[in-house]
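Written below as structure tokens is the structure these notes are about.
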Amino acid sequence: MSTLTTQDTLTPLFEGAPADFSSERALAKESFYAQGLPAVKAEEYKFTQIARKLEKEISDFNPAKPVSITEEMVKTAIFEGFDGYVLVLNNGKLEEELSQLPSEVSFSALSDQEIGSIAKPVKDAFVALNQASFVDGLAVSVPKKTQVEKPILILSFTQASAGQVVQPRIWIEAGDFAEVTFIEKTILLGEDKVFSNQVVEIKGAINSKVHYYRLQNEGDQAIEVSNIETDIQKDSQFTAVTISLSGDMVRNNLNLNLLGSNSEGNMYGLYLLNDKTHVDNHTNVDHTIPHAESNELYKGILADQSRGVFNGKIFVRQDAQKTNAFQQNNNILLSEDAVINTKPQLEIWADDVKCSHGCTTGQLDEEALFYLQARGIDKTQAKGLLLYAFAGEVLEHIEDESFHNYCVSLVQERLGSKF
């Protein structure tokens, strides 16, 4: 067990928690102390020693307080061509005056939401830590039959002195036949290390459609754990795209619960890692009902001494006949010092299903590189073209044009300058 759980280091987080959700917080605190932060031999975190990282890098386990954010900072953080709404978070707290929110959607503090009913604290110590000690929570409700025509950009400004902890907590509920797209971008302020422990619970009702896009590009100050969990009902669709470009140590837990027939869950990820960046993507798809579909594609390009981890699990329950599930993880290593640990998994209890999974790890295709050079393209440009073609398959799943173009430009810049 980590010393973080046996000493009083984390006490300031629990003492700084508000009095609301007292029973839920007490349950989560009990669950946290029962689990402890993942030890060295913990199977789910054995390639990502985040407890050690926190002990080494974070000196002040107090909740980070809101900082000064200006309109100019918000304007600068919005990428070119974006046409939509803006939701500004200040160390996890909603800044209404700096936000431009759609009138047809409700934004409020967490109140009677079913906190912990989707992301359960007994499943993960970091979910338990967040539920026990988060300070400011946000509830987003898209009413029945509401189609939000423009995307909602979540600008999460994060700053903490002497380490400290930021714990965003978001509840999103899309009513029957509702449609909405979220784009999450974190802006790290200051030069101190920051531990961000985020929990997002998403409830998609019948025939709803939710897109959730994320960009992780905070630099080597970021130590981050993110838990996003969804309940997807009949005839509904959920799509997540996660683009990871930098960070000190990043752990992404993405869980999809397919709870209705003809529901569809899509999970796509791209990680372009260099220096000593460490990104760990853990995904889980739970097929519980017949006639549901899931698609999953994660791709990684790793250089220098970077490390990537992918662990994808697909569960097909006994009653989930006619399930269609696809999972693939592909990686390119550009350095002898880069490391990838990948483990796609299938557990199937039904007999009438169509499921596949696989992974590949290798180097850049030398024959393709030679082919391009033979046609007059210099080696650097040819290498960039091949790498972009590899990465572009994930970017194609970003339907919002402005965010797609922004990610394309970031990826092209990274491939041109860092690889």
Q | Sparse-neighbourhood loop sites, trypsin sites (Lys or Arg not before Pro) in the range 111-167 - DSSP loop, at most 12 other Cβ within 10 angstrom | A | LYS145
Q. Under a 1.4 Å probe, what is the accessible area of the range 57-160 per residue, stated in Å²?
A. 46 Å²
Q. Among 176-188, 339-351, 371-383, 79-91, how do they line up from the highest to the lowest mean number of other beta-carbon atoms within 10 Å?
A. 176-188, 79-91, 339-351, 371-383
Q | Pairwise Lys count, the range 304-386 - Cα closer than 19 Å, eight or more residues apart or different chains | A | 4
Q) Using alpha carbons only, what's the Rg to Rh ratio of the range 103-187 with Rh from Kirkwood? A) 1.00
Q) Which Cα, out of VAL279, VAL194, GLY362, lies furthest along the positive dipole direction of the chain (beta carbon charges, K/R +1, D/E -1)? A) GLY362
Q: Report, by chain and number, residues whose modeled amide H sits under 5 Å from the one on CYS355, excluding near sequence neighbours (fewer than 5 apart, same chain).
A: ALA325
Q | Heavy-atom accessible surface of the chain: percent carbon and sulfur, 1.4 Å | A | 46 percent
Q) Over the alpha carbons of the chain, what is the largest minus smallest coordinate on each principal axis, giving the biggest first in Å? A) 68, 50, 46
(Q) Given the DSSP H assignment, sum -39500 (n - 2.57) over each helix run of at least 4 residues in the chain and divide by its residue total; what's the result at 222 nm in deg cm²/dmol, nearest 500? (A) -6500 deg cm²/dmol
Q: Scan the range 231-312 for trypsin sites (Lys or Arg not before Pro) in coil per DSSP, keeping those whose Cβ has at most 14 other Cβ atoms within 10 Å, and list them by number.
A: LYS276
Q: With 24 Å as the limit, write out which pairs from LYS75/LYS276; LYS150/LYS299; LYS123/LYS203; LYS150/LYS185 have Cα-Cα distances beyond it, or answer none.
A: LYS75/LYS276; LYS150/LYS299
**Q.** Positive-end residue of ILE232, ASN207, VAL166, charge dipole of the range 109-242 with Cβ unit charges
**A.** ASN207
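The values are calculated or read from the model by the stated rules, or taken from the named source; none is laboratory data. Because the structure is a prediction, the values reported are computed rather than measured. Here the Cβ is made from the backbone with ideal geometry for all residues, glycine too, and neighbour counts use every protein chain on show. Accessible surface areas use protein heavy atoms only, side chains included; no ligands, DNA or RNA. Shrake-Rupley method; radii C 1.70, N 1.55, O 1.52, S 1.80 Å.
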